[in-house]
Amino acid sequence: MQTQIQNQQIVLANRPNGVPTQDTFEIKDIAMPELADGDLLIKSIYVSVDPGMRGFMDKGDSDAAGTKYELNKPITSRTVAQVVASNSADFAVGDIVHGRFAWQRFQSVTAKDVEKVDPSLAPISTAVSMLGVPGLSAYFGMLKVANIQAGDTVVVSGAAGSVGSTAAQIAKIHGCKVVGIAGSEKKTAYLEDDLGLDKGINYKTTENMTAAIAEACPDGVDVFFDNVGGELFDAVFANINNHARIAICGQIADYNNAEAAQGPRPMHTLIKKSARMEGFVVFNYADEFDAAKKQLAKWYNEDQLEYTETLTQGFENIPTAFIGLFSGENIGKQMVQVAELDS
């Protein structure tokens, strides 16, 4: 008798108050899906967890339509998957694909909603890291928003994370002095020894971050790539130069706050310094994704750009990996390997 394949999903069981807990999630056994014409049956391989997903768990309207997670419905995130059955002429069994998929072991998706992964560019897991939204955010944030120039002094917060580590390396490739802020000695050693940054600062053991930034950047800060916000933003902002550029990519310090954080108002300093601060979302540059991926892959294959994964094993451990993001456990891209590829 043939063993029936088990399928499971992870749903949002409760809306979190502050940092999510295990009670925020529930694992459910579900049936294998049926396929309609044009559908694919895919098996999740690598599931990405990202800090920005936290905001989608809150109740209420969103300024990004359709992004809020519904109670008792599966959570979605960027995922690399393998096609195990196909009702589409455009995809064959065994193809590697990626997209925003549900936290499920198996699911049916419409072929038009997935994108093939090119294994020749880099390892397939990079489709949700270096060649995915994190890497693309770093690429466009540095090159389009911050407009880095050779000789700039660049500060990156969250520099050991998936976006920050790529952003910092892109700045180094372009001839900048780069200072990275992270939350442990292990991470600052990674920034300096592995990525070749000029300085890593551990904010958790630094009493006066404003002074530490001034010491690391004696000529001031030309570019600030911010993934964190909060008091780290205030410390770097106090050191910006005339005509500084600030790219706001993330604000993980505030994601779990019920109320909007209050801090120094930057408008006067922006006027005084003729500085520019701009928030962005990577999908503003969707028309340029293919060219950016090729450039990122080129740097990777020429050993100018490296990536690191914090890889958790097991579908049931996806919530644990997500929760760990908010205590700063990961170096590089945090993801979960759900299954092995079929040969």
Among the residues of segment 83-94, what is the count of those that are in a strand (DSSP E or B) and in contact with a Gly (Cβ under 7 Å, 6 or more places away or on another chain)? 1
Considering segment 200-216, residues that are in a strand (DSSP E or B) and either in contact with a Lys or Arg (Cβ under 9 Å, 6 or more places away or on another chain) or aromatic (Phe, Trp, Tyr) (or both), and then whichever is surrounded by the most Cβ atoms within 10 Å (Cβ to Cβ), we arrive at GLY200
Condition met for GLY99 (assigned by TED's automatic domain parsing to the domain that holds LEU12, among the small types (Gly, Ala, Ser), out of contact with any Lys or Arg (no Cβ under 9 Å at 6 or more places or on another chain) and buried (at least 16 other Cβ atoms within 10 Å of the Cβ)): no
Hey, could you check segment 45-93 for residues that are closer than 25 Å to PRO16 by Cα and aromatic (Phe, Trp, Tyr) and say which is modelled with the lowest pLDDT? PHE56
Tell me, please, whether a residue that is touching a helix residue (DSSP H, G or I) at 6+ places or on another chain (Cβ under 7 Å) and in contact (Cβ under 8 Å) with a residue 60 or more places away in the chain can be found in segment 198-216. no
For segment 297-318, does any single residue satisfy the condition of being surrounded by 14 or more Cβ atoms within 10 Å (Cβ to Cβ), basic (Lys, Arg) and out of contact with any helix residue (DSSP H, G or I) (no Cβ under 9 Å at 6 or more places or on another chain)? no
What do you reckon, is TYR307 closer than 22 Å to GLU185 by Cα and among the aromatic types (Phe, Trp, Tyr)? yes
Scan of segment 38-59 for residues that are in contact with a helix residue (DSSP H, G or I) (Cβ under 8 Å, 6 or more places away or on another chain) and of a type outside the set (Gly, Ala, Ser), ordered by number: ASP39, LEU40, ILE45, TYR46, VAL47, VAL49, ASP50, PRO51, MET53, ARG54, MET57
Which of (1) out of contact with any Leu (no Cβ under 9 Å at 6 or more places or on another chain); (2) in contact (Cβ under 8 Å) with a residue 12 or more places away in the chain; (3) surrounded by fewer than 19 Cβ atoms within 10 Å (Cβ to Cβ); (4) closer than 20 Å to ILE331 by Cα does ASP193 not meet, given it meets every other one? (2)
If I go through segment 35-54 residue by residue, how many of them are of a type in the set (Asp, Glu) and not in a strand (DSSP E or B)? 2
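The values are calculated or read from the model by the stated rules, or taken from the named source; none is laboratory data. Just so it is clear, the structure is predicted and the values come from calculations on it, not from any experiment. Every residue, glycine as well, gets a Cβ built from its backbone with ideal geometry; the counts of neighbours run over all protein chains shown.
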